[in-house]
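For reference, the structure is listed below as structure tokens.
The values are calculated or read from the model by the stated rules, or taken from the named source; none is laboratory data. What you see is a predicted model; the values in this text were computed from it and never measured. All Cβ positions, glycine included, derive from the backbone under ideal geometry; neighbour counts span all protein chains shown.
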Amino acid sequence: MQSPWKVFMVAPLFFLPPLQSLASPLYEDQSRLSHSNGHTCVGCVLVVSVIEQLAQVHNSTVQGAMERLCSYLPEKLFLKTTCYLIIDKFGSDIIKLLSADMNADVVCHTLEFCKQNIGQPLCHLYPLPKKYSGSGSDICSLPFLAKICQKIKLAIERSVPFKDVDSDKYSIFPTLRGYHWRGRDCNDSDESVYPGRRPNNWDVHQDSNCNGIWGVDPKDGVPYEKKFCEGSQPRGIILLGDSAGAHFHISPEWITASQMSLNSFISLPTALTDELDWPQLSGATGFLDSTVGIKEKSIYLRLWKRNHCNHRDYQNIARNGASSQNLKTFIESLSRHTMLDHPAIVIYAMIGNDVCNGKRDTVPAMTTPEKFYFNVMQTLKYLNSHLPKGSHVIFYGLPDGTFLWDNLHNRYHPLGQLNKDVTYAQLYSFLNCLQVSPCHGWMSSNKTLRTLTSERAEQLSNTLKKIAAKEKFTNFNLFYMEFAFHEIIQEWQKRGGQPWQLIEPVDGFHPNEVALLMLADRLWEKVQLQWPQVLGKENPFNPQIKEVFGDQGGH
Ligand code: CA
């Protein structure tokens, strides 16, 4: 658990903690010492590459480039301070090495951020460096950083808001598992007030369910919540997911020297305190307007549009690195009361980590269909005792990830665009070498391995399909839906796009915002067609709700 935070603060740009947890869940795999070295190494290579490229782009000295990088960083989270501390500690070495025409791989090996373990291959991102011959440090041990490291760590471990005054798991703060993750609390000092509950006394005196509807119509004395919502069958959306569901995203601007400016890092502090996830823009629970200019909306926004009584009733219970196996360690952060709350639509979307891991010998580390069956049944039993009657659970199948290699391997990674020297094939091989790949099975030049990974994914999807067809539960209906990424690709191509434009450019693995919203749209359409009861009816009072309550307190 320590290692990711070490890396995290060693340099603000490091994207490794989530990749690390994605690849090898923190709470599952204790044999990761070499992995944490791997993350430190990737982080170092990344930052040194950016420094080197900044010097090249601005025709400046290495010192100038380092200072430029620090000057771009925001003060928040001590990012700027930390950056200057790093220059102070490692700057002179970095200057010496880069000035001697060594590349980022060599610099990081020399500074011992990258280590070649005995009997292990030499890992490098750039074409093999020449022969070469410091030490890392734990920035989280600095007094002024220890506290923030600890805060972030705790919020992630518990997957519940750090700043939550009462204990109802809802918060008035956005990040650190606050309302970016589940509907904003409207009374943070009263734990009986939270989104998704059945209204208390029809919300005559206060908005007990935070949907922005409360009080009494002076014309006839009828409470608004009763008038507008009774009989509308309100429901919430809950995602049980992984980094894709949480919308893991590293902005290419943070590592692209040629485009870097003061504005590049504005969103970095928020992203870091959200584990580099962007649930507020995700396919399942996103509530902000999309940043990519497509018409598709999240499942939550569509549920809200259908029935304004559903306002704020969303929970993104997703974690980087989540799998059928480790879901049990954080499923208790789900908030739903069988009697007090409205029913929910739960999407179970563990779409990768049961077949994806960073191990060199990746296949034995994949979940077997038998184990998967057991894990999923445990989750369903838990849900049956926590969801209100009338809920729905939708399984999302696993994708066939072979499109990653097929569409990306010979394209340039953002780090390689300036000098045409880093392709995704190289990035994949570097991450595999360090055993920190988010998905060795699919992010590999080995075709047999990619096929094997797809076969296992298909077996696991079939397990879900079987469970959905066979098992019955008292409090929810169960459905299975294929994760049809090929359909999204086809649709995108029809609009004139290229498949690679649907993948996160920095990690070369996750579906990006466009893909997530298109997937959400596809899911909605299919559910509406096959199981319309899941989504409920359009609330005829929506226009009146808007007229009386405006934006319902917003999100
Ligand atoms: Ca209300």
Margin query: Among the listed residues Trp531, Trp524, identify the single one that is among the aromatic types (Phe, Trp, Tyr) and closer than 20 Å to Gly245 by Cβ.
Written below: Trp524
Next item on the list: Only residues in segment 193-221 that are under 15 Å from Ser171 (Cα atoms) and in a loop (DSSP other than H, G, I, E, B) count as the first member; pair them with residues that are near the ligand (Cβ under 9 Å from one of its atoms) and aromatic (Phe, Trp, Tyr), Cβ under 8 angstrom, at least 6 apart or cross-chain, and list the lot.
Entry: Ser208/Trp214
Note to self: Can you find, within segment 171-220, the residue that is surrounded by the fewest Cβ atoms within 10 Å (Cβ to Cβ) among those that are within 14 Å of the ligand (Cβ to nearest atom) and hydroxyl-bearing (Ser, Thr, Tyr)?
What the structure shows: Ser192
Next item on the list: State all residues of segment 48-101 that are under 17 Å from Pro269 (Cα atoms), among the aliphatic types (A, V, I, L, M) and in a helix (DSSP H, G or I); if no residue qualifies, say none.
Entry: Leu69, Leu77, Leu79
Note to self: Which residue is farthest from His311 (Cα to Cα), if the candidates are limited to segment 232-275 and must be among the aliphatic types (A, V, I, L, M) and assigned to a helix (DSSP H, G or I)?
What the structure shows: Ala257
Next item on the list: Considering only segment 79-111, state which residues are among the acidic types (Asp, Glu), under 25 Å from Asn419 (Cα atoms) and surrounded by fewer than 21 Cβ atoms within 10 Å (Cβ to Cβ).
Entry: Asp93, Asp101
Notebook entry, point to check: Among Asp166, Asp220, which is the only one that is more than 13 Å from Cys309 (Cβ to Cβ) and modelled with pLDDT of 95 or more?
Noted result: Asp220
Notebook entry, point to check: Name the residues in segment 273-307 that are surrounded by 22 or more Cβ atoms within 10 Å (Cβ to Cβ) and either modelled with pLDDT under 95 or farther than 25 Å from Pro234 by Cα (or both), would you?
Noted result: Thr273, Asp274, Glu275, Leu276, Asp277, Trp278
Notebook entry, point to check: Tally time: how many residues in segment 221-237 are under 25 Å from Arg184 (Cβ atoms) and away from the ligand (no atom under 14 Å from the Cβ)?
Noted result: 3
Check: What number of residues within segment 376-409 satisfy the criterion of being touching a helix residue (DSSP H, G or I) at 6+ places or on another chain (Cβ under 7 Å), in a loop (DSSP other than H, G, I, E, B) and closer than 22 Å to Gly236 by Cα?
Finding: 1
Margin query: Please go through segment 515-555 and give me each residue that is buried (at least 21 other Cβ atoms within 10 Å of the Cβ), over 19 Å from Met481 (Cα atoms) and of a type in the set (A, V, I, L, M), ordered by number.
Written below: Ile545
Checklist line | Qualifying position, being acidic (Asp, Glu), part of a helix (DSSP H, G or I) and more than 30 Å from His413 (Cα to Cα), among Glu491, Glu538, Glu547 | finding: Glu547
Checklist line | From the options Lys472, Lys466, residue that is basic (Lys, Arg), surrounded by fewer than 20 Cβ atoms within 10 Å (Cβ to Cβ) and not in a helix (DSSP H, G or I) | finding: Lys472
Check: Right, Ser251: surrounded by fewer than 24 Cβ atoms within 10 Å (Cβ to Cβ) and of a type in the set (Gly, Ala, Ser) or not?
Finding: yes
Next item on the list: Could you grab me the full set of residues in segment 276-327 that are of a type in the set (D, E, K, R) and within 16 Å of the ligand (Cβ to nearest atom)?
Entry: Arg312, Asp313
Item checked: Condition check for Met66: crowded, with 18+ Cβ neighbours inside 10 Å, over 30 Å from Asp354 (Cα atoms) and at pLDDT 95 or above -> yes
Notebook entry, point to check: Out of (1) crowded, with 17+ Cβ neighbours inside 10 Å; (2) more than 12 Å from the ligand (Cβ to nearest atom); (3) aliphatic (A, V, I, L, M); (4) part of a loop (DSSP other than H, G, I, E, B), the odd one out for Ile156 is which?
Noted result: (4)
Next item on the list: Can you work out which of the residues in segment 397-450 that are of a type in the set (A, V, I, L, M), under 21 Å from the mean Cα position of the chain (by Cα) and over 12 Å from Gly508 (Cα atoms) is modelled with the lowest pLDDT?
Entry: Val436
